[in-house]
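Engineer: First, the structure itself, so that you have it in front of you.
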Amino acid sequence: MRIRTDDGFGLHVEETGHGVPVVFAHEFAGDHRSWEPQVHAFARQYRCITYAARGYPPSDVPDDPGAYSQGHAVADLVAVLDGLGIDRAHVVGLSMGGFVALHGSRQHPDRVRSAVVAGVGYGASPDTREAFRAECEAMAASFETEGTPSVAARYAVGPARVQFENKDPRGHAEFAAHLAEHDARGSAHTMRGFQRARPSLYDFEEELSGSVVPTLVVAGDEDEACLEPSLWLKRTIPTAGLAVLPRSGHTLNLEEPERFNSLVAEFLAAADAGAWALRDPRSKASSTMGGSD
């Protein structure tokens, strides 16, 4: 089905199953197809919704570079909820989609039942921010000058993707083939407008420290750029839990589908039961022995 965004673009949306709604937001290198292992598992008891972000066919690919930003992406999430008549949903996101889940819960806590924020942190650190922005610009230019298949061949075997290739060559080959099908113009605009231009996570410390939306942060222990930001999110968001998957990279939901699904299933059940509470402030004490001496 197609749903219209607030600024008039069409988003391709698919839904499977019945029950409490779960919306899956994909990463830059993925699309709506990236969540198949999760849809197969969770549609047995949840209403699973996947969608292709703007710039990712079969969704529309706006010509205007100004139509791409983190703000647009969060608004598109809300448009999907509105278009399907959903008041509140769990939101599960990876990387770019993880930022959507995080900021969706920050800006619209009344619409997000819980947020799974996986593989988030690239470009957040002040020490690496300018280098990250330069890499984004170079990548966008490569999409425009070389085309998607050439860029995809390199992007699919980056430092935090080789773990997926080593564990599951067939699954990784499918991931890389889907990436090579992406629209070069949409990818370039997304890389500049969303990835390069998004604010740092650390700019939102005050707002995130007041969040009451149940949040699960997930990172791979070999996804170097996400480890420190994930720990920071755990320490900042009072409802956050942190899971780190061993010997894992960035494409967590495809690289380790069983582990990822198990973590998310337990989290969603706890959130729906009202059992995912605020962190007990006593756990923040520096003493390991307890007491006040």
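The values are calculated or read from the model by the stated rules, or taken from the named source; none is laboratory data. Note that the coordinates shown come from a computational prediction; the quantities given were computed from them, not determined experimentally. Please note: Cβ atoms are built from the backbone with ideal geometry, for glycine as well, and neighbour counts cover all protein chains shown. The accessibility values were calculated without ligands, DNA or RNA, using every heavy atom of the protein model including side chains. Shrake-Rupley method; radii C 1.70, N 1.55, O 1.52, S 1.80 Å.
Engineer: Over its Cα atoms, what ratio of radius of gyration to 2.2 N^0.38 Å does segment 1-86 give?
Structural biologist: Against the compact-globule rule of thumb, the ratio is 1.05.
Engineer: Shifting gears a bit: Skipping prolines and chain starts, which residues have an amide H placed within reach, meaning under 5 Å, of the one on residue 20, given they are 5 or more residues away or on another chain?
Structural biologist: The list, which skips near neighbours in sequence, is 47.
Engineer: When only alpha-carbon atoms are used, what values of Rg and Dmax, in angstrom, describe segment 202-244?
Structural biologist: Just the Cα atoms of segment 202-244 yield Rg and Dmax of 10.2, 30 Å.
Engineer: For segment 241-247, in order, what is each residue's ³J(HN,Hα) by Karplus, 6.51 cos²θ - 1.76 cosθ + 1.60 with θ = phi - 60°, in whole Hz (x at glycine and Pro)?
Structural biologist: Whole-Hz 3J(HN,Hα) from phi for segment 241-247: x, 10, 10, 10, 8, x, 6.
Engineer: While we're looking at this one, here's another question. Suppose every Lys and Arg Cβ carries +1 and every Asp and Glu Cβ carries -1, with no other charges. What dipole size does the chain come out with about its Cα centre, to the nearest 20 debye?
Structural biologist: 520 debye
Engineer: Could you tell me the distance between the Cα centroids of segment 84-103 and segment 195-252, to the nearest Å?
Structural biologist: Segment 84-103 and segment 195-252 have Cα centres spaced 14 Å from each other.
Engineer: Now a separate question. If you bin the C-alpha pair distances of segment 84-132 every 10 Å from 0, what whole percents do you get?
Structural biologist: 28, 42, 22, 8, 1
Engineer: For segment 171-241, take the alpha-carbon Rg, divide it by the Kirkwood Rh, and send me Rg/Rh.
Structural biologist: For segment 171-241, the value is 1.08.
Engineer: ³J(HN,Hα) across segment 105-116 via Karplus (A = 6.51, B = -1.76, C = 1.60, θ = phi - 60°), whole Hz, x for Gly/Pro?
Structural biologist: Each residue's phi maps through the Karplus curve to give 5, 5, 8, 9, x, 7, 9, 10, 5, 7, 10, 9 Hz.
Engineer: Let me know the Rg and Dmax you get for segment 25-64 when you use only its Cα atoms, in Å.
Structural biologist: 11.8, 40
Engineer: Just the number please: accessible area per residue for the chain, 1.4 Å probe, all protein chains included, in Å².
Structural biologist: Here the per-residue accessible area is 44 Å².
Engineer: For residue 88, enumerate residues with amide H under 5 Å from its amide H, sequence gap 5+ or separate chain, H modeled in the peptide plane.
Structural biologist: Correct list: empty.
Engineer: Leaving ligands, DNA and RNA out of it, report the carbon-plus-sulfur percent of the accessible area of the chain at a 1.4 Å probe.
Structural biologist: Ligands and nucleic acids excluded, carbon and sulfur give 52 percent.
Engineer: Kindly provide the Kirkwood hydrodynamic radius of the chain in Å, to one decimal, from all pairs of distinct alpha carbon atoms.
Structural biologist: About 19.2 Å for the chain.
Engineer: What three numbers, in Å, describe the spread of the alpha carbons of segment 149-281 along their principal axes, ordered from the longest?
Structural biologist: 50, 33, 25
Engineer: With a 10 Å cut-off between alpha carbons and a GNM built on the chain, which of 40, 32, 108 moves the most?
Structural biologist: 40
Engineer: Additional query: Considering all projection directions equally, how large on average is the shadow of the alpha-carbon convex hull of segment 101-159, in square nanometres?
Structural biologist: Here the figure is 5.8 nm², rounded to one decimal.
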